[in-house]
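The values are calculated or read from the model by the stated rules, or taken from the named source; none is laboratory data. In this text the structure is predicted, and so the values were computed from the model without any measurement. Virtual Cβ from ideal backbone geometry, glycine too; neighbours counted across all protein chains shown. The area values use the complete protein model at the heavy-atom level, side chains included, leaving out ligands, DNA and RNA. Shrake-Rupley method; radii C 1.70, N 1.55, O 1.52, S 1.80 Å.
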Amino acid sequence: MKNNLTTKRLSLNNLTLNDAEFIFELVNTPEWKQFIGDRNIKTLSDANEYINKLIYNPDINYWVVKLKDNQTLIGVITFIKRNYLEHHDIGFAFLARYTKKGYAYEATSAVLNEVRKDEVHDRIHATTIKENINSIQLLKKLGFEFDKEIQVEKEILLLYSDNLKI
């Protein structure tokens, strides 16, 4: 899969340690903590450790999303093979001031288009919680359909799926 992707308005680049300040900000937003969970990242050092775990895990692809015109970091797209799912999971998170502008749709679509080129992937999952209405709406707009509820540890997740082969 490509390391860097571009769209009309966005650049998607692999996560690096240079992104620690942004990751620190993103994972400590109220939305991240409510819908994704507290990662217990209290310092930039914690953010660096978190990034190292992500970038050196072969089951994780993690892109930072930037505005193309000024390189402002606005969000992340993830593509992860989770042990509790049969297929890879796509995820997205954006700073609140960049939501409802089509950026998440644009960036996630770019990753999905890249994934479709890889014959290994014929189906992809996405999970969220029922309270995350914005995520559910975006998943539906991207063509994902509700599959079922699953329990992961003590949390009930909604599993959405998309058959990638057109």
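Could you state how much accessible area Asp147 has, in square angstrom rounded to the nearest 10, with a 1.4 Å probe and all protein chains kept in place?
70
Under unit Cβ charges (Lys, Arg +1; Asp, Glu -1), what dipole magnitude, rounded to 20 debye, does the chain have relative to its Cα centre?
520
Tally up the carbon and sulfur contribution to the accessible surface of segment 1-140 as a whole percent, 1.4 Å probe, everything protein left in place.
Details: 3470 of 7460 Å².
Exposed carbon and sulfur together represent 46 percent of the surface.
Just to confirm, what accessible area per residue do you get for the chain at 1.4 Å probe, in whole Å²? Don't jump to the answer; show the numbers that get you there.
Values: 9370 Å² over 166 residues.
Per residue, the chain has an accessible area of 56 Å².
May I ask you to order 106-114, 151-159 by the average number of other C-beta atoms within 10 Å around their residues, highest value first?
Numbers: 106-114: 19.2, 151-159: 12.1.
Sorting 106-114, 151-159 by mean packing, highest first, produces 106-114, 151-159.
Could you grab the relative contact order for segment 16-126? Cα pairs under 8 Å, six or more apart, rounded to a whole percent.
Reported relative contact order: 19 percent.
Considering only Cα-Cα distances, which of the following residue pairs are longer than 31 Å: Lys42/Lys148; Lys66/Lys154; Lys33/Lys100; Lys42/Lys154; Lys101/Lys148? All intermediate terms of the calculation are to be shown ahead of the outcome.
Working: Lys42/Lys148 34 Å; Lys66/Lys154 34 Å; Lys33/Lys100 19 Å; Lys42/Lys154 24 Å; Lys101/Lys148 29 Å.
Listed pairs above 31 Å: Lys42/Lys148; Lys66/Lys154.
Rounded, prolate or oblate: which one fits segment 53-92, using the alpha carbon gyration tensor with axes a ≥ b ≥ c (rounded when a/c is under 1.5, else prolate when a/b beats b/c, else oblate)? Show your work: numbers first, answer last.
Details: a/c = 4.30, a/b = 2.27, b/c = 1.89.
It comes out prolate by the Cα gyration axes.
Quick one: grab the alpha carbon gyration tensor of segment 1-116, order the square roots of its eigenvalues as a ≥ b ≥ c, and give me rounded if a/c is under 1.5, else prolate or oblate depending on whether a/b is larger than b/c. Could the numbers behind the result be given before it?
Details: a/c = 1.41, a/b = 1.09, b/c = 1.28.
Taking the square roots of the gyration eigenvalues as a ≥ b ≥ c, segment 1-116 is rounded.
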